[in-house]
Amino acid sequence: MSALRPGQEATLRKGWWRAHKWLLLRRVSQFGILALFLLGPWAGLWIVKGNLASSLTLDVLPLTDPYVLLQSFLTGHAVAGTALAGAAIVTVFYLIVGGRVYCSWVCPVNLVTDLAAWLRRRLNIKGSARMSRQTRYWVLGLTFVLAFLTGTIAWEVVNPVSMLHRGLIFGMGFAWAIVLAVFLFDLFVLRHGWCGHVCPVGAFYSLLAMPSVVRVSAAAREKCDDCMDCFAVCPEQQVIRPALKGADQGIGPVILSPNCTNCGRCIDVCALDVFRFSTRFSNATTPHIRVAQNKEVSP
Amino acid sequence: MARTPSSKLSRRRFLVDTARTASGVLLFGLGVGLYARRSESLPATAIRPPGAGPERDFLGACIRCGLCVRDCPYDTLRLARPEEPVATGTPFFEARKIPCEMCEDIPCVKACPTGALDKDLTNIDDARMGLAVLIDQENCLNFLGLRCDVCYRVCPLIDKAITLEARHNVRSGKHAIFIPVVHSEACTGCGKCEHACVLDQAAIKVLPDKLAKGELGRHYRVGWKEKQRAGKSLVTPDVEHQYNLPEGVEYDYEGEGLKMKQHDTPFADNPLDTLNRKGGKP
C-alpha cells in the first residue's frame, strides 16, 4: 500500500491512457448508447427509438429488457409481439459478454453512482451503513411478488434506472430527485449502495447470465503485490478475492462471480497487469500451468 | 457434534441478519406496493392510447418503452413523469391539449412491442378510448339556443358519434334548440370535440367509460327490444279492450273523448243531404 491514490501507480508505470483504457471505453459506451437514443428527439435522426425497456433500432432490430418483460408476464399479461424476440436477443448478448455488463457499460445510473464512489474516495468519506449485498436479491424477489400481487408492473413506478433513462429521452420531470436520492445514498449512506446492494435490475442481470462467457481473470495473480488498488476501485470487491488469492485453495484465476460487472477498472488500476479479460473456459488453476512450465524448464 | 459457542453465535448472527434484510425489504415493498396501487387510479382527464385494455391490465402489459409515443405523428401521446398523477412512464394524452387524430393505420398500436395496445384493433373506428359526454348542459351554447355545433362538426364520425336533435326552444317560444347527442356505439373517445369546444372550460368532455356510462342490472330486459329480436311478443298478448258504449258512440283516444260514430251522425256537412234523406226525421 502506498500513499498514492488508487490507480496512480498504474498511471505512473503504464501511462495515463493505458491506466484508464477500460474506464474510457466504458464511458464511450455509456454516453454512446445515450447519444444513440438522444439523436432522435434532439436531432431528428431516428437510429434508435424507445428506451432501455424496449427499443427499435433502424426500424428492424428489437431489443427488450427481459427483466421488465418477466414482470409483465407475472402480472398475468400474455406477452406477445416483438418484445419476446427483443428479450431473446438481449439475453443471448449478455450470456456472451456477462450479465452485469448491462450495469457498467449501458446503465445510465452507473454514471451517477460512479461519480458518488469517486467523490467518496476523493473527499475521503469513511464509514458506511451496513447492508448485506444479498439485499438486491430480496428486492428482486419482491418486485416479482409485487407484480404478481398487484397485477401491475409495480416496480416500474419507482425504478430509478428506467426513470433516469426515460427521463433523459422523454423528459425528466421530477425523476432528477430520485436520481439525486440514489447519488446521496451512495455518497453518504452506503458505499456502492445502490448498484452493489439494492438494485434489483443488476441482481436480475447477474442471475440471467450466470454462465456468461467473457470474464475478468487474475491471470497473472502471482505477480500481485497486495497494493489493494483493485479493491479500492472495484464496485463489487467481494468478487476479486477468490480469484486473486485462491491459488492455494485450488481456485482458478477467473472471476466467476455473476456480480462482477466486467467494468475492467481493476485491469486499468493494476500497475502489474495482474488482470485481463478472458473467458470462463480459461480457468485452469495456475499450479497446473506452473507444473507444466517447470517440467519444460527443468531438465 | 457439540455446538461450539462460535457456531451458535454465527447462526444467531445469520438469522438476525436475514431477518434484518427481510424486514427492511418488506417495509420497502409495502411502500412500493401501496404507491403502485394508488397510481392505478388514472385521472379522468388522462386518456390511454387506442387499443389499451382496462387500466389494471394495461399497467401489467405496458413496459413504458415509449415506442407508441415516438410513432404518434401528432405528438398526442406522451409518457407520464414521476410527479404526474398517472403511473410513471406510461403513455397517455389529454384531449383538451392534443386530441387523438384517429390515424387510419393506427401507428401507436403497431409500434407496441408487448401487445399492451391490442394488435386486434385494426379499424380505428372500433377504438374505445373513452366516451364523450356533454357534461355541462347549462353553458353549452347549443343548449342556450345558439348554433355553435363545433363539437358536432369536428367529430370524425359526424352524424354517427354525435348527432343534433331538434327541440322546441321554450325560452323564446318560437325557435329550435339543436342538442348535440353522443352515441356510445360510435364514439371512440378521440377527444376532438372536447379539444374544439369554444368555451373556456369544455362543456363536452371525454370520460372513461366507467364514469360516463350507467349500467342496467343484468336481469333487465327491455320489452320492445326483446319483442323485436324474437319477432313476436314474449308475453301473452293483451286482450283488446272493449268499452261498453251506447250504440252509435265511440271513444276518441286523441283527446276528443266520447263522440258519435261518424256515419251515424244525423247531421251532414251539407244540410240539403239531411233534408233529402229518405225517411228522414220530420
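The values are calculated or read from the model by the stated rules, or taken from the named source; none is laboratory data. Keep in mind that what you see is a predicted model, and the values were worked out from it rather than measured. For neighbour counting, all protein chains shown are included, and Cβ atoms are generated from backbone atoms with ideal geometry for every residue, glycine included. Areas reflect the complete protein model, heavy atoms only, side chains present, ligands, DNA and RNA absent. Shrake-Rupley method; radii C 1.70, N 1.55, O 1.52, S 1.80 Å.
For segment A:50-63, the set of residues classified as without any contact (Cβ under 8 Å) to a residue 40 or more places away in the chain and either more than 10 Å from chain B (Cβ to nearest Cβ) or open to solvent by 30 Å² or more (accessible area, probe 1.4 Å) (or both) consists of A:L56, A:T57, A:L58, A:D59, A:V60, A:L61, A:L63, listed by residue number. When B:S10 is tested against (1) modelled with pLDDT under 90; (2) within 11 Å of chain A (Cβ to nearest Cβ), exactly one condition is not met: (2). Quick check on B:Q228: is it within 25 Å of the chain's Cα centre (by Cα), closer than 30 Å to B:L144 by Cβ and open to solvent by 90 Å² or more (accessible area, probe 1.4 Å)? Here the answer is no, as B:Q228 does not meet what is asked.
Results for (1) in a helix (DSSP H, G or I); (2) closer than 17 Å to B:R96 by Cβ, shown as yes or no for each residue.
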site: B:R153; (1), (2): yes, no
site: B:K160; (1), (2): no, no
site: B:S184; (1), (2): no, no
site: B:T188; (1), (2): no, yes
site: B:Q201; (1), (2): no, yes
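When segment B:118-144 is limited to residues that are more than 14 Å from every other protein chain (Cβ to nearest Cβ) and among the acidic types (D, E), the one that is surrounded by the fewest Cβ atoms within 10 Å (Cβ to Cβ) turns out to be B:E138. Considering segment A:122-140, the residues that are facing another protein chain (nearest Cβ under 8 Å) and free of Cβ contacts under 8 Å to residues at least 40 places away in the same chain include one that is farthest from A:R5 (Cα to Cα), namely A:W138. What do you reckon, is B:G115 crowded, with 16+ Cβ neighbours inside 10 Å, within 13 Å of chain A (Cβ to nearest Cβ) and either over 25 Å from B:E194 (Cβ atoms) or touching a residue at least 40 places away in the same chain (Cβ under 8 Å) (or both)? Spelling it out, B:G115 is indeed crowded, with 16+ Cβ neighbours inside 10 Å, within 13 Å of chain A (Cβ to nearest Cβ) and either over 25 Å from B:E194 (Cβ atoms) or touching a residue at least 40 places away in the same chain (Cβ under 8 Å) (or both). Where helices (runs of 4 or more DSSP H) fall wholly inside segment A:15-83, the ranges with 1 or more residues that are within 20 Å of B:V109 (Cβ to Cβ), at pLDDT 90 or above and assigned by TED's automatic domain parsing to the domain that holds A:C103 are A:66-74. Of all the residues in segment B:71-81, those that are at the interface with chain A (Cβ under 7 Å from one of its Cβ atoms) and either surrounded by fewer than 22 Cβ atoms within 10 Å (Cβ to Cβ) or under 23 Å from the mean Cα position of the chain (by Cα) (or both) number 1. Scanning segment A:124-149 for residues that are crowded, with 22+ Cβ neighbours inside 10 Å and either touching a Ser or Thr at 6+ places or on another chain (Cβ under 8 Å) or of a type in the set (K, R) (or both) returns A:T135, A:R136, A:A147. Looking for something within 18 Å of A:F170 (Cα to Cα), of a type outside the set (K, R), at pLDDT 90 or above and part of a strand (DSSP E or B) - is there at least one such residue anywhere in segment B:59-77? There is no residue in segment B:59-77 that is within 18 Å of A:F170 (Cα to Cα), of a type outside the set (K, R), at pLDDT 90 or above and part of a strand (DSSP E or B). Quick test for you: out of A:E236, A:E156, A:E222, pick the one residue that is at pLDDT below 90 and either out of contact with any Lys or Arg (no Cβ under 6 Å at 6 or more places or on another chain) or facing another protein chain (nearest Cβ under 10 Å) (or both). After applying the criteria, what remains is A:E222. Could you list all residues from segment B:27-58 that are at pLDDT 90 or above, farther than 28 Å from A:S55 by Cβ and facing chain A (nearest Cβ under 8 Å)? Result: B:F28, B:G29, B:G33. Against the definition (more than 30 Å from B:R13 (Cα to Cα), open to solvent by less than 40 Å² (accessible area, probe 1.4 Å), assigned to a helix (DSSP H, G or I) and charged (D, E, K, R)), how does A:D186 come out, yes or no? No.
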